[in-house]
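Shown next, in C-alpha cells, is the structure this report addresses.
The values are calculated or read from the model by the stated rules, or taken from the named source; none is laboratory data. Please read these numbers as outputs of a predicted model, since none were measured by experiment. Don't worry about glycine lacking a Cβ; one is built from the backbone with ideal geometry, like all the others, and counts go over all protein chains shown. The protein model used for the area step is the full one, side chains on, heavy atoms only, and it has no ligands, DNA or RNA in it. Shrake-Rupley method; radii C 1.70, N 1.55, O 1.52, S 1.80 Å.
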Amino acid sequence: MPIVRRRFQNVKVFGSAMVITLLMAGTNQVRDYAQTREASEYQIKAAFLYNFAKFVEWPPETSGGADDPMAICIVGKDPFGNILDELIKNKDISRRRLVVRRMNQGQSARDCQVAFISSSEKPHMRAILEGLKGESVLTVGDMEGFAVLGGMINFTMEQSRVRFEINVEAAERAGLKISSKLLNLAKIVRDHSTNGGS
C-alpha cells in the first residue's frame, strides 16, 4: 500500500545485520532485508514478528492441530501494508501454515497465536490486554508503556535501530515459554506494579 510505504523510515537493523540474520536463518526474503543493512522500520518489525512465533512455545492444549493455521493478527490500523503477508507466504512453523488476520474494531484476538496491537489502539490498550488475560496469545506492540502494562513484547527505537523489550512475567502468566535466544537479545522489563509504579 503506497500510503503506508511512504511513512516508512530507513532504520539500521538492530545494530548489526549479523544478529538479525542469525534470527532469520532459513528465510531468504528476510535475509535479503538484513543484508541491505538498511530496511524500513516495518520490514524489520514484520521480520521479528515472524521470528517471535518461531522462538515461542505455546501450551500443547492451546497450540491447535497440524491442520490449524498459526495466526498472526493485526489489532487496529495496519502499519505493515502487504509486507507481512509477503514475508510469511508459503511458510509454516512446526508444520502449521502461517496466516495474517486483520481484526475489525471490537473483534477479539483470542483465537490468534500472535496479536500485534497497533499504536492506533493506544487509547484502548489496557482494555485489549485485559480482554486477553488468561489466553495463550503472544501480545506485541510498539508503543511506550506496552510491556510494563502487561504486554509481552514491545518494539522500541534506539538511535534509529529497532530493538525490543520483553515482559517475561506476562508471557508466563499466559503459559508461553520464550526461548533464551530471544531473551538474550531483549531488554527484560517487569510489570509496572512490581517496578514500584502506581
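Quick notes on this structure:
- Here the strands (runs of 3 or more DSSP E) wholly within the range 115-198 that include at least 1 residues being surrounded by fewer than 18 Cβ atoms within 10 Å (Cβ to Cβ) and in contact with a Leu (Cβ under 9 Å, 6 or more places away or on another chain) are 161-167.
- Residue in the range 67-91 that is nearest to residue 122 (Cα to Cα), counting only those that are of a type in the set (A, V, I, L, M, F, W, C) and in contact with a strand residue (DSSP E or B) (Cβ under 6 Å, 6 or more places away or on another chain): 75
- Tally of residues being assigned to a strand (DSSP E or B) and open to solvent by 50 Å² or more (accessible area, probe 1.4 Å) across the range 82-96: 1
- So residue 156, is it among the β-branched types (Val, Ile, Thr) and closer than 13 Å to residue 75 by Cα: no
- Yes/no for residue 52 being under 22 Å from residue 157 (Cα atoms), part of a loop (DSSP other than H, G, I, E, B), open to solvent by less than 30 Å² (accessible area, probe 1.4 Å) and of a type outside the set (Gly, Ala, Ser): no
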